[in-house]
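Enquirer: Quick one: structure below, then a few questions.
The values are calculated or read from the model by the stated rules, or taken from the named source; none is laboratory data. Small disclaimer: the values here were computed from a predicted structure and weren't measured. Glycine gets a Cβ as well: all are built from the backbone with ideal geometry, and neighbour counts include every protein chain shown. All accessible areas refer to the heavy atoms of the entire protein, side chains included, with ligands and DNA or RNA removed. Shrake-Rupley method; radii C 1.70, N 1.55, O 1.52, S 1.80 Å.
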Amino acid sequence: MGTRVVIAEDHSIFREGLKALLTTLPDIQIVGETNNGRDVVQLVFSLTPDLVLMDITMPGSNGIQAIQKIRKRHSNIKIITLTMHRNEEYVQEALRAGANAYVLKESTWAELAYAISVVSGGMTYLSPAISNLVVSGYIEKCDDQPHSTIWDTLSEREREVLKLIAEGLTNRKVAEVLCLSA
């Protein structure tokens, strides 16, 4: 039967090109297409495809909103965003919404075919340029935040109790040492 695919892309010529290229892949069956975010949700609900290729910027409802609606009902459907947007905010929004891949429209056909393969295998895929952007952003955020441990989250009193327990004292003895009731 193969992988059942729905395409959501508002640019007709790009959508037609995708369809033509997808038919060259073995086991791909295009079951639906639309040019807006509102209709893709209805298509997915009625056709339950295995994979959705989704533009982020579309009329009716954007791709992020469509992904969120689809995810609420179908957590198993794979969603690949196809977009021209290279900024980290779009990437984060798409992934938080439930996209399995973020592929730039400037990518090659080979890259998209690879992304389909990766996502179909249960993994996440990011275009290399996006991957570098996300990793750089992650590292910057890690450097900006102080490194904390679970120990840092404890109050002074909780630390005292923990130290006494680690020394082998019973609850009753800990309470006695700290002048508390058991």
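Enquirer: Checking Met84 against (1) at pLDDT 95 or above; (2) in contact with a strand residue (DSSP E or B) (Cβ under 8 Å, 6 or more places away or on another chain), which test does it fail?
Expert: Looking at each condition in turn, Met84 falls short on (1).
Enquirer: While we're on this one: Going by the conditions given, is Ile130 within 15 Å of the chain's Cα centre (by Cα), in contact (Cβ under 8 Å) with a residue 12 or more places away in the chain and part of a helix (DSSP H, G or I)?
Expert: Considered against the rule, which asks whether it is within 15 Å of the chain's Cα centre (by Cα), in contact (Cβ under 8 Å) with a residue 12 or more places away in the chain and part of a helix (DSSP H, G or I), Ile130 comes out as yes.
Enquirer: If you don't mind, there's one more thing I want to ask. If I ask for residues that are within 13 Å of Leu112 (Cα to Cα) and in a helix (DSSP H, G or I), which ones from the range 12-64 would you list?
Expert: Residues satisfying the conditions are Gly17, Leu18, Lys19, Leu21, Leu22.
Enquirer: Related question: If you take the residues in the range 72-90 that are in a helix (DSSP H, G or I) and without any contact (Cβ under 8 Å) to a residue 24 or more places away in the chain, which one is least open to solvent (accessible area, probe 1.4 Å)?
Expert: Applying the filter and picking the extreme gives Glu89.
Enquirer: Here is a follow-up. Applying the selection to the range 1-15, what residues are closer than 15 Å to Val52 by Cα and either among the β-branched types (Val, Ile, Thr) or without any contact (Cβ under 8 Å) to a residue 24 or more places away in the chain (or both)?
Expert: Residues satisfying the conditions are Thr3, Val5, Val6, Ile7, Arg15.
Enquirer: Moving to a separate point now. Select from the range 100-128 the residues that are open to solvent by less than 40 Å² (accessible area, probe 1.4 Å) and in contact with an Asp or Glu (Cβ under 8 Å, 6 or more places away or on another chain) and write down the one among them that is farthest from Gly63 (Cα to Cα).
Expert: Checking each candidate, the answer is Ser127.
Yes/no matrix, rows are residues, columns are (1) modelled with pLDDT under 95; (2) surrounded by 13 or more Cβ atoms within 10 Å (Cβ to Cβ):
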| site | (1), (2) |
| --- | --- |
| Gly2 | yes, no |
| Glu9 | no, yes |
| Glu16 | no, yes |
| Ile30 | no, yes |
| Arg38 | yes, yes |
| Leu53 | no, yes |
| Ile56 | yes, yes |
| Ser61 | yes, yes |
